[in-house]
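S.K.: Before I ask anything, let me first share the structure, which is written out below as structure tokens.
The values are calculated or read from the model by the stated rules, or taken from the named source; none is laboratory data. In this text the structure is predicted, and so the values were computed from the model without any measurement. Neighbour counts run over all protein chains shown; Cβ positions are idealised from the backbone, glycine included.
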Amino acid sequence: MFWLSPAHAQTFMPTAASDIAGDVDNLYSFLLISSFISCVILIGGMIYFVYKYRRKSPNDKTPRITHNNFLEFLWSFIPLVIFMVIFAWGWKVYHDMRSMPENGLEIHVTGKQWAWEIQYKSGVTTSNEVVVPIDTDVKLIMTSRDVLHSFYVPSFRIKQDVIPGRYTTLWFNSNKLGEFHIFCTEYCGTSHSGMIGKLRVVTREDYDKWLEQESKFSTLPIAERGAKLFQNKACASCHSVVDSSVRVGPALYQKFGKQQITSAGEVTVDEEYLRESILNPNAKIVKGFNPNIMPSFQGQLNEAELLAIIEYIKGLK
Ligand code: HEC
Ligand SMILES: [Cu+2]
């Protein structure tokens, strides 16, 4: 509806970036406007009658009117029609939203505390970043590695629970280039609010280029691969690499070779310590931090990947 999502201005609704989003907004606007009109008629009428039929003298008598068939029919029938319209309309939009496309581009999404892992059929994986071509049916097949999460893209007006041990699906077809938020909308623990991703809608050519670039990843120099992995495994959401600021975890900037005070005494930050910190974070807790915040990456990184990340951390100078 024009005043909810004008072409150029950002209003109180997030940018609508798919046809479904437009449908949802229209229905929502209808609800809002019809509720507003009903409210004005109802409350306005009430105030008007209170005034008009106020008691004017001590002898005022209330006329004895029991009912009025015609009026009663009207105030039942008109709302009924409106409600049926809302029902049918809502059903139609929901049906469109939940009918998965047959030949859509399929992308796998795994929620985990506290990041989204994305897997493309070509083998490309990303974290907290979904890249899709414009005007294409995209189907997300989703699951969770730990607890309930919920995948939500406000600009597409779509949301779906992500459940451990089960696949759930979601689809969209974006008609707008740009970058949109992905939120987790199911409280899932300490860093739930940081479980934020971005969904980039790009042209078909850019998409192919991006996919190709991502697949070249394995031929990158080792530290650069580590940098990528650091992003992809969402280490970056908890560790700063450009300054000494503390996020959920300690900064890793200029850490290598320094002394670190941990629960197991003072240690030197060397390769072995980094390895242990990644695979078994609770072995030595950095002073000032709590155990069980950093997830163990045991089984999630192979030796080559571990090495790449360690090389990357060594190079943070
Ligand atoms: C959910 C937040 C979180 C994520 C994700 C996370 N970490 Fe941590 N990390 C922490 C916290 C908190 C600590 C401090 C407590 C401890 O020592 O276990 C820590 C400690 C560390 C340390 C020791 C740092 C020091 O100053 O001695 C290293 C190294 C490290 N993490 C590397 C990584 C790498 C590499 C990844 C990604 C593969 C990663 N972390 C992912 C939260 C996180
Ligand atoms: Cu979550």
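S.K.: Starting from region 147-170, take each residue that is of a type in the set (Phe, Trp, Tyr) and list its partners that are away from ligand 2 (no atom under 16 Å from the Cβ), counting only C-beta distances under 7 angstrom and pairs at least six apart or across chains.
M.R.: Going by the 7 Å Cβ cut-off, the qualifying pairs are Phe156/Ala17; Phe156/Ser18; Phe156/Ile20; Phe156/Ala21; Phe156/Phe172; Phe156/Ser174; Tyr167/Ile141.
S.K.: Further, regarding this structure: Would it be correct to say that Thr219 is more than 28 Å from Leu279 (Cα to Cα), out of contact with any Lys or Arg (no Cβ under 8 Å at 6 or more places or on another chain), more than 16 Å from ligand 2 (Cβ to nearest atom) and among the polar types (S, T, N, Q)? Spell out the reasoning first.
M.R.: Values: more than 28 Å from Leu279 (Cα to Cα): no; out of contact with any Lys or Arg (no Cβ under 8 Å at 6 or more places or on another chain): yes; more than 16 Å from ligand 2 (Cβ to nearest atom): yes; among the polar types (S, T, N, Q): yes.
No; evaluated as a whole, the condition is false for this residue.
S.K.: With respect to the numbered conditions (1) away from ligand 2 (no atom under 16 Å from the Cβ); (2) hydrophobic (A, V, I, L, M, F, W, C); (3) surrounded by 18 or more Cβ atoms within 10 Å (Cβ to Cβ), which one is the sole condition not fulfilled by Ile134?
M.R.: That leaves (3) as the condition not met.
S.K.: Within region 127-149, restricting attention to residues that are in a strand (DSSP E or B) and over 20 Å from Ser174 (Cα atoms), which residue is modelled with the lowest pLDDT? Show your work before the answer.
M.R.: Residues of region 127-149 in a strand (DSSP E or B): 127, 129-133, 138-144, 149.
In the following step, the residues that additionally are over 20 Å from Ser174 (Cα atoms) were identified as 127, 143-144, 149.
On the way: Ser127: 83, Thr143: 96, Ser144: 95, His149: 96.
Going through the qualifying residues, I end up with Ser127.
S.K.: Could you tell me how many of the residues in region 144-193 are under 13 Å from Trp116 (Cβ atoms), among the polar types (S, T, N, Q) and more than 16 Å from ligand 1 (Cβ to nearest atom)? Before you say what the answer is, go through the steps one by one.
M.R.: So in region 144-193, the residues under 13 Å from Trp116 (Cβ atoms) come out as 144-146, 149-153, 160, 162, 170, 181-186, 188, 191-192.
With the extra rule that they be among the polar types (S, T, N, Q), the set shrinks to 144, 150, 160, 185, 191.
From the residues that got through so far, the ones that are more than 16 Å from ligand 1 (Cβ to nearest atom) too are 150, 160, 185.
Result for region 144-193: 3.
S.K.: Exactly one condition in (1) within 16 Å of ligand 1 (Cβ to nearest atom); (2) modelled with pLDDT under 95 is false for Gly123; which is it?
M.R.: (1) is the only condition that Gly123 fails.
S.K.: Within region 200-298, which helices (runs of 4 or more DSSP H) (wholly inside it) include 3 or more residues that are within 12 Å of ligand 1 (Cβ to nearest atom)?
M.R.: Working: elements: 204-215, 222-232, 271-279.
Fully inside region 200-298 and qualifying: 222-232, 271-279.
S.K.: Among the residues of region 167-199, count how many are under 23 Å from Tyr94 (Cα atoms), aromatic (Phe, Trp, Tyr) and in a loop (DSSP other than H, G, I, E, B). Spell out the reasoning first.
M.R.: The initial filter retains those residues of region 167-199 that are under 23 Å from Tyr94 (Cα atoms), namely 167-176, 180-186, 199.
If we keep only those that are aromatic (Phe, Trp, Tyr) too, we end up with 167, 171-172, 180, 183.
Of the ones still in play, those that are also in a loop (DSSP other than H, G, I, E, B) are 167.
Adding up the residues that qualify gives 1.
S.K.: Just checking, which of Asp96, Asp25 is modelled with pLDDT of 90 or more, under 20 Å from the mean Cα position of the chain (by Cα) and surrounded by 10 or more Cβ atoms within 10 Å (Cβ to Cβ)?
M.R.: Numbers: Asp96 fails: under 20 Å from the mean Cα position of the chain (by Cα).
Checking each option against the conditions leaves just Asp25.
S.K.: Quick one: would you say Val241 is under 24 Å from Gln113 (Cα atoms) and surrounded by 15 or more Cβ atoms within 10 Å (Cβ to Cβ)? Quick ask: steps written out before the conclusion?
M.R.: Working: under 24 Å from Gln113 (Cα atoms): yes; surrounded by 15 or more Cβ atoms within 10 Å (Cβ to Cβ): yes.
Criteria met by Val241.
S.K.: Right, next: When residues of region 97-116 are filtered for being closer than 22 Å to Asp206 by Cβ, in a strand (DSSP E or B) and touching a residue at least 60 places away in the same chain (Cβ under 8 Å), how many remain? Before the answer, list the steps.
M.R.: In the first step, residues of region 97-116 are kept if they are closer than 22 Å to Asp206 by Cβ; the result is 101, 103-109, 116.
Subset that is in a strand (DSSP E or B): 105-109, 116.
Restricting the remaining residues to those that are touching a residue at least 60 places away in the same chain (Cβ under 8 Å) gives 116.
Counting residues in region 97-116 that are closer than 22 Å to Asp206 by Cβ, in a strand (DSSP E or B) and touching a residue at least 60 places away in the same chain (Cβ under 8 Å) gives 1.
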